[in-house]
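To start, the structure itself, in structure tokens.
Every read-out reported here was derived from the displayed coordinates using simple, explicitly stated rules and does not represent laboratory data. Quantities reported herein were computed from a predicted structural model and do not represent experimental measurements. Glycine gets a Cβ as well: all are built from the backbone with ideal geometry, and neighbour counts include every protein chain shown.
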Amino acid sequence: MKKNKLKYFPFLLIAVCAIFILSCGTGKDKYSEAEYAKLRELIENESFEISHLWALPLRGGQVNLIGNPNYIRIYHDSVEVDLPYFGVRQMGGGYNSTAGFEYKGTRKNFEMKENQRNGGLVLKFETIQDSETVDYIVTLFPEGKANTQIISAHRDNISFQGTFDQYNRKD
């Protein structure tokens, strides 16, 4: 009798694993069309500000940025960046140079694409700060969250997590 029960065990195990795998998947559409359309409209108007709550350096733990002014402001073809930096600088950065990322000017090589995997919009652009070219990869999500990755040949990479909203420029 016991041998008979073990005969069906592999089939039962496969069925349980299949149900588990199928139930772990997320829905195809993570966000509604209305949420996604609102995000797309905000991005296409090119007037928004990203404020970060956390810095995630390559080496070390995350750093809370609440109470520390930091932003990425995009207004048409210009960008303003004021972000702290926590990490190791490989080269450059002589006397009187800024410790963080500070830039005000036009953005270069801007591109926007949809991230099918997580439902966000990915913006890529670069800036040149002194002699350092800095690449920004910003992922924006319909619920108002933002992830920013900064890549530089002169410093360790760093990521930021925060939120974004419409930016009303005061001329």
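Kirkwood Rh, Cα Rg: Rg to Rh for the range 114-171?
Details: Rg = 13.3 Å, Rh = 12.8 Å.
Taking Rg over the Kirkwood Rh, I get 1.03.
In nm, give the distance between the simple-model label positions of Asn168 and Ala99, each being 7 Å from the Cα along the Cα-to-Cβ direction.
Placing both labels 7 Å along Cα→Cβ, they lie 3.4 nm apart.
Checking a compactness column here: for the range 28-171, what do you get for Rg(Cα) / (2.2 N^0.38 Å), N being the number of residues?
Numbers: Rg = 15.3 Å, N = 144, 2.2 N^0.38 = 14.5 Å.
So the range 28-171 has a normalised radius of gyration of 1.05.
Where the Cα atoms of the range 62-134 are projected onto their three principal axes, how long is each span, largest first, in whole Å?
Result for the range 62-134: principal-axis Cα extents of 43, 28, 23 Å.
For the range 66-171, which chymotrypsin sites (Phe, Trp or Tyr not before Pro) are in a loop by DSSP, counting at most 13 other Cβ atoms within 10 Å? Kindly include the intermediate steps, with their values, before the conclusion.
Details: sites: Tyr71, Tyr75, Tyr85, Phe86, Tyr95, Phe101, Tyr103, Phe110, Phe125, Tyr136, Phe160, Phe164, Tyr167; in loops: Tyr85, Phe86, Tyr95, Tyr167.
Taking the range 66-171 and a limit of 13 other Cβ atoms within 10 Å, the loop chymotrypsin sites (Phe, Trp or Tyr not before Pro) found are Tyr95.
Please list, by residue number, every one of the GluC sites (Glu not before Pro) in the range 62-150 that is coil in DSSP and has at most 13 other beta-carbon atoms within 10 Å. Could you put the intermediate results ahead of the total?
Values: sites: Glu80, Glu102, Glu111, Glu114, Glu126, Glu132, Glu143; in loops: Glu143.
Answer by residue number: Glu143.
Can you list the aspartates and glutamates whose alpha carbon sits under 18 Å from that of Lys38, skipping same-chain ones fewer than 8 residues off?
Asp29, Glu46, Glu49, Glu114, Glu143, Asp165
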